[in-house]
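FYI, it's all coordinate maths here, none of it is from the lab. Remember, it's a predicted structure, so these values are computed and weren't measured experimentally. Every residue, glycine among them, receives a Cβ derived from its backbone with ideal geometry; neighbour counts consider all protein chains shown.
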Amino acid sequence: MYDLIIIGAGTAGISAYNEAIKYTQNILIINDGPWDTTCARVGCMPSKLLISSANRMHDIQSAKDLALQHDAVVDTSGVMQRLHSLRERFIRATLKGVDRWEASHKISGHATFIDAHTVEVNGQAYQAKSFIIAVGSRPNIDKTFKEELGDKYLTSDEIFELSQLPKSLAVIGSGVIAIELAQAMQRLGVDTTLFARSQKVGALTSPALQKLAQEQLSKELNIKFKILPDQVKKQAGHIQINFTENDQAQTIQVEYILGATGRQTNLDRLGLNQLDPNFADIKKLPINKKTKQLADMPIFIVGDAAPDAPIQHEAAHAGKEVVHNCLNYPEIKPIPALTPLAIVFSHPEMAIIGQSFKQLEKQNIEFIRGFASYENQGRALVLAENKGGIEVYIDKKSGKLLGAELFCSQAEHLGHLLAWTIDADQDIHQILAKPFYHPTLEEGLRSALKHARRQFDAL
């Protein structure tokens with residue numbers, strides 16, 4: 001019997017193994033599929049490679065805003081060649097670490113549970129005192145569209161395999177993945193239409209910032225809010241999409257459809273119903289959010305497989321920390337929580353830090369909203385990046401920073417500053433006592449914080 005079996009070798013599984021091996025050699029990691037990570041292969045890194053090319057092209061095309069003139073042409077195959085080349089570099093870096101592991105510690109194959117201490121892989125049973133499940137997730141697929149369109153229907157796992165950019169694309173969805181890829185494709189010269197089920201873009205919950213984001217992104221993206229295709233047909237050389245807009249039947253033709261309606265956990269592939277018939281409904285699994293424990297069993301679920309934490313740094317953190325609950329089972333402790341930080345690499349970028357507007361409202365927490373527009377922010381004007389704004393949320397009683405939402409240039413950096421500030425547990429007066437260099441985009445944070453402080457001091 002092993003001290004620990006880890007199922008899945010993505011970010012969370014790799015992190016778990018690297019921590020567990022410090023304490024025991026009696027360990028096994030089982031993986032079904034490639035021994036790299038979703039992030040390196042089809043997630044974080046290839047998407048950012050595409051976005052980087054797209055944003056650089058946008059900078060060139062908008063150089064006139066800085067009194068510059070320049071022409072550039074997108075190399076439709078070169079963009080994908082660069083993506084493939086650098087992606088392989090990131091994958092090799094991940095696999096280099098995996099290759100150093102003891103060969104007897106890893107098995108390729110599909111694991112299914114027999115009982116709470118036993119899994120079956122390739123027809124053989126393996127037992128452990130405890131398990132970490134880190135099997136990741138997969139894109140949601142519209143089966144009707146897939147059956148009709150075949151390889152012309154792509155998911156976010158497949159789009160990065162193209163050898164060259166398509167001429168036209170329809171994106172189904174308006175969440176994080178949909179917005180990032182749709183905007184990137186449009187900026188790279190792909191005629192892109194986005195079908196959105198709701199009146200929402202990205203992850204922002206602030207009504208003010210959501211409105212700003214919709215207005216800004218609609219200037220360069222053809223977004224059809226609250227409209228989905230009625231029918232799709234594969235025809236010679238293209239796809240015909242029929243939809244209804246303003247009560248009128250409409251038709252467009254595109255080369256590909258990208259289904260970007262989110263991802264689903266792979267937990268349904270592990271036979272968890274063998275442990276408890278109630279576990280057949282994966283969406284209702286009793287997973288303790290603080291300890292990651294499944295019910296009262298020696299089984300812990302982390303990473304993309306856990307529905308509450310589909311973010312790479314959260315997966316790495318949880319994978320590492322949950323090891324101690326496994327090795328000390330049945331003595332388990334809450335995993336130290338990180339200040340939530342989520343970033344959408346649109347342009348302008350979006351970010352949610354700490355508690356969102358929606359979360360605070362749901363909890364009936366009394367808070368102050370400090371807002372700053374970037375339209376007239378000095379450094380943003382200098383950079384010709386004066387789009388969007390930010391909101392900070394301050395506790396009415398303590399004056400402490402609870403969270404923030406951003407839709408502005410360099411939100412990925414500003415978001416980190418705010419997350420660290422929340423970690424420091426300081427009130428608004430202490431935060432504003434810190435230096436803000438001039439001229440910087442950080443001064444926009446100060447403007448929002450000052451707006452909040454005026455309200456706080458007036459209470």
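Considering only Pro307, Phe456, Pro336, the residue lying farthest towards the positive end of the dipole of segment 303-459 is Phe456, judged by Cα position with unit charges set on Cβ. With the charge dipole of the chain set up from +1 on Lys and Arg Cβ and -1 on Asp and Glu Cβ about the Cα centre, the Cα lying farthest toward the positive end among the listed residues Ile282, Asn31, Gln430 is that of Gln430. A full extension of the chain between Ala337 and Asn18 corresponds to an added length of 112.9 nm, given 0.36 nm per residue minus the alpha carbon distance.
Taking a straight Cα-Cα cut-off under 19 Å and skipping sequence neighbours fewer than 8 places away in the same chain, the lysines within cross-link reach of Lys64 are Lys219, Lys387. The His70 and Thr440 beta-carbon pair, evaluated with R₀ = 30 Å, returns a calculated FRET efficiency of approximately 0.70.
Computed on the chain, with alpha-carbon pairs under 8 angstrom and 6+ residues apart, the relative contact order is 16 percent.
Any idea what the dipole of the chain comes to, in debye rounded to 20, about its Cα centre with Lys/Arg Cβ at +1 and Asp/Glu Cβ at -1?
For the chain, the charge dipole is close to 480 debye.
A simple spin-label model places pseudo-atoms 7 Å from Cα toward Cβ; at Ser52 and Lys234 they are separated by 3.5 nm. Against the empirical curve 2.2 N^0.38 Å, the C-alpha radius of gyration of the chain lands at a ratio of 1.06. Stretched out straight at 0.36 nm per residue, the stretch from Leu162 to Gln253 would grow longer than its current Cα-Cα span by 30.8 nm. Among the cysteines of the chain, those whose beta-carbon sits 4.7 Å or more from every other cysteine beta-carbon are Cys326, Cys408. Multiplying the residue separation of Glu148 and Glu215 by 0.36 nm and subtracting their alpha-carbon distance yields 20.7 nm.
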